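Single-structure report; data block below.
Values quoted throughout were computed directly from the atomic coordinates according to the rules given, and no laboratory measurement underlies them. Here the structure is a predicted model, which is why all the values come from computation and not from measurement. So basically every Cβ, Gly included, is an ideal-geometry build from the backbone, and we count neighbours across all protein chains shown.
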Amino acid sequence: MDLGQIEAKILALSPFVRHISLTRRNGALHAVVTPDFKALAQAHIINIENQIRWYVLEIYNFDVPEELKIRSYEIEKPPHAKEFSFDTEEPLYLSLLDFLASHAKEKITPSSHLELDLGFDSLDFVTLLLFVEESFGVKLDEAALASLLVVGDLYLHIRTHATCQAAKQKSWREILEPKKPIGLRYSPFIMFLYKTLLYPFFRLYFRLELRGRDNIPNTPCIIAPSHQSMLDGFLIEATLPYGILKRTFFLAFELVFGTKLLKPVADNGQTILINQDKNLLYALQKTAQPLREDANIVIFPEGARTRDGNLLEFRPFFAILSKEFNVPVVPVLIDGSFEALPPGKRFFRPKKIQVHYLEPIFPEGLSVKEIVKQTKDAIEEDIVTRIA
């Protein structure tokens, strides 16, 4: 298969890629992707990099030989046809700029793209939407924001619709507090049934090795496993003591567990579904609800399954919850499920799987970044110990 054929195959995978160019760097394929920004905005997608990486490039990588996998990529920024002519010293613009600067990873200009230039992620978008509403009286949702991801466009929209101007930022405690009660669906019998069926199967077929379960506190906690395959949530269900499992909820992506096949499992499996491009504020508030009810929440800090067996970057939301609700994080090493069910494969392989619950990390005296680092370090250290 030549590069032109690969490019055509990738273009056929998604309406959100307008052009793709492939080259070889150090013997591996590198992609330069030009998104279809109009199609993305019409689909109300604000996490563009996430869409291109996981639902285009990695989908392509699933079923091709190693030498044809795309190992690196870059995403071209949107061309901005018009020149922004507003005064960048206007107080409203400076107020917006101050907020953006507290989240941005690069220098900000009117042509900066919130995600692709400034590095905004889902949590940043939530705080931005609330800041705009609280500070300027302009209510936006993710669908509207999808067409306003360039700083200048966002500012001009705010300036046109602003009813007030007073910079206000909510704390995470305020953000996570719902305006209306949030109900959770407890399914203790179903959870018991899942555990009863899954645990012996995992023990026999995958020679499941379980360690460290006594590290799980009897008080509310956040369980933070590494993420290797679609098996991982079920492995946690199977290995948690029933007394803890019946008061434990799982955070999962709607795109995966909201399908016809898996939605019944989610609906009856104490699962909270999240869509990164829709109703994010409510999803975050609902994720915090188990902790308000003295229950537990399972969050995979990587936010996605590994594609090569190595840990991905840990996202900070689990640490924010730990800090705000003063509950410990229990890191969990899941090892072997990558080999048992590799990405893109539908059938299990009888590979040995280990689940190791590590010592809890308590948030007192730690920053969010320190909680994230200690959680990832604990899992990495256990990997090194296991290998040694």
- Item | Given K38/K179; K286/K369; K260/K373; K77/K286, the pairs whose alpha carbons are separated by over 29 Å | K38/K179; K260/K373; K77/K286
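Suppose every K and R has +1 on its Cβ and every D and E has -1 on its Cβ; what is the size of the dipole of the stretch 91-170 about the Cα centre, in Debye to the nearest 20?
Numbers: 6 positive and 11 negative charges, 58 e Å.
Dipole magnitude for the stretch 91-170 comes out near 280 debye.
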- Message: Quick check: from the Cα gyration tensor, does the stretch 225-267 come out rounded (a/c under 1.5), prolate or oblate?
- Response: oblate
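Let me make sure I get this right: for the stretch 92-147, a, b and c are the square roots of the gyration tensor eigenvalues over alpha carbons, sorted descending. Under 1.5 in a/c it's rounded, otherwise prolate if a/b > b/c, else oblate. Which is it?
Details: a/c = 1.66, a/b = 1.23, b/c = 1.35.
Oblate, because a/c is 1.5 or more while a/b does not exceed b/c.
Using only helices, what value at 222 nm comes out for the chain when you add -39,500 (n - 2.57) per DSSP H run of length 4 or more and divide by the total residues, to the nearest 500 deg cm²/dmol? Walk me through the numbers on the way to the answer.
Numbers: 18 runs with 155 residues, N = 388.
Rounded to the nearest 500, it is -11000 deg cm²/dmol.
Averaged over all directions, how much area does the convex hull of the C-alpha atoms of the stretch 3-75 cover when projected, in nm²? Provide the component values of the computation, followed by the final result.
On the way: hull surface 17.5 nm².
Mean projected area of the Cα convex hull: 4.4 nm².
Express in nm, to one decimal, how much length is gained between R292 and F201 on full extension, taking 0.36 nm for each residue of separation and deducting their alpha carbon distance.
Details: separation 91, 0.36 × 91 = 32.76 nm, distance 3.37 nm.
Gain on extension, R292 to F201, equals 29.4 nm.
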- Query: Using unit Cβ charges (K, R positive; D, E negative) and no other charged atoms, how large, in debye to the nearest 20, is the dipole of the stretch 188-387 about its Cα centre?
  - Reply: 740
- Message: Just to confirm my numbers, what's the Cα centroid distance between the stretch 69-125 and the stretch 37-61 in Å?
- Response: 18
- Task: Could you work out the relative contact order of the stretch 16-105, using alpha carbon pairs under 8 angstrom and six or more residues apart, expressed as a whole percent?
- Result: 29
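Is there a pair in K278/K352; K180/K345; K246/K351; K323/K345 whose C-alpha atoms are over 32 Å apart, and which pairs would that be? Can you show the working numbers first?
On the way: K278/K352 38 Å; K180/K345 42 Å; K246/K351 28 Å; K323/K345 37 Å.
As for pairs spanning more than 32 Å Cα to Cα, those are K278/K352; K180/K345; K323/K345.
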- How many nm separate the modelled label positions at T34 and E134, each set 7 Å beyond the Cα in the direction of the Cβ? 4.1
- Message: Spelling out what I want: for every residue of the stretch 110-122, take phi, set θ = phi - 60°, compute 6.51 cos²θ - 1.76 cosθ + 1.60 (Karplus), and round to whole Hz; glycine and proline get x.
- Response: x, 8, 5, 8, 4, 8, 6, 9, 9, x, 5, 10, 4
- Message: Residue by residue through the stretch 139-151, what is 3J(HN,Hα) from phi via Karplus (6.51 cos²θ - 1.76 cosθ + 1.60, θ = phi - 60°)? Round to whole Hz and write x for glycine and proline.
- Response: 8, 10, 10, 4, 4, 5, 5, 4, 9, 10, 7, 8, 3
- Query: Calculated from the structure, Cα extents along the principal axes in Å equals which of (i) 59, 52, 42; (ii) 97, 39, 35; (iii) 67, 55, 40?
  - Reply: (iii)
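For the chain, what relative contact order do you get, as a whole percent, if you take Cα pairs closer than 8 Å and at least 6 residues apart? Could you put the intermediate results ahead of the total?
Working: 617 pairs, mean separation 57.9, N = 388.
Computed value for the chain: 15 percent relative contact order.
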- Message: Just to confirm my numbers, what's the Cα centroid distance between the stretch 290-309 and the stretch 130-195 in Å?
- Response: 21
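How would you classify the stretch 188-387 from its alpha-carbon gyration tensor, with a ≥ b ≥ c the square roots of the eigenvalues: rounded for a/c under 1.5, else prolate if a/b is greater than b/c, otherwise oblate? Don't jump to the answer; show the numbers that get you there.
On the way: a/c = 1.33, a/b = 1.14, b/c = 1.17.
Rounded shape, in that the Cα axes give a/c under 1.5.
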- Message: Compute, for the chain, the length of the dipole vector about the Cα centre, with Cβ point charges of +1 (Lys, Arg) and -1 (Asp, Glu) only. Units Debye, rounded to 20.
- Response: 1380
- Kindly state, as a whole number, the per residue volume in cubic angstrom of the convex hull around the alpha carbon atoms of the stretch 341-388. 118
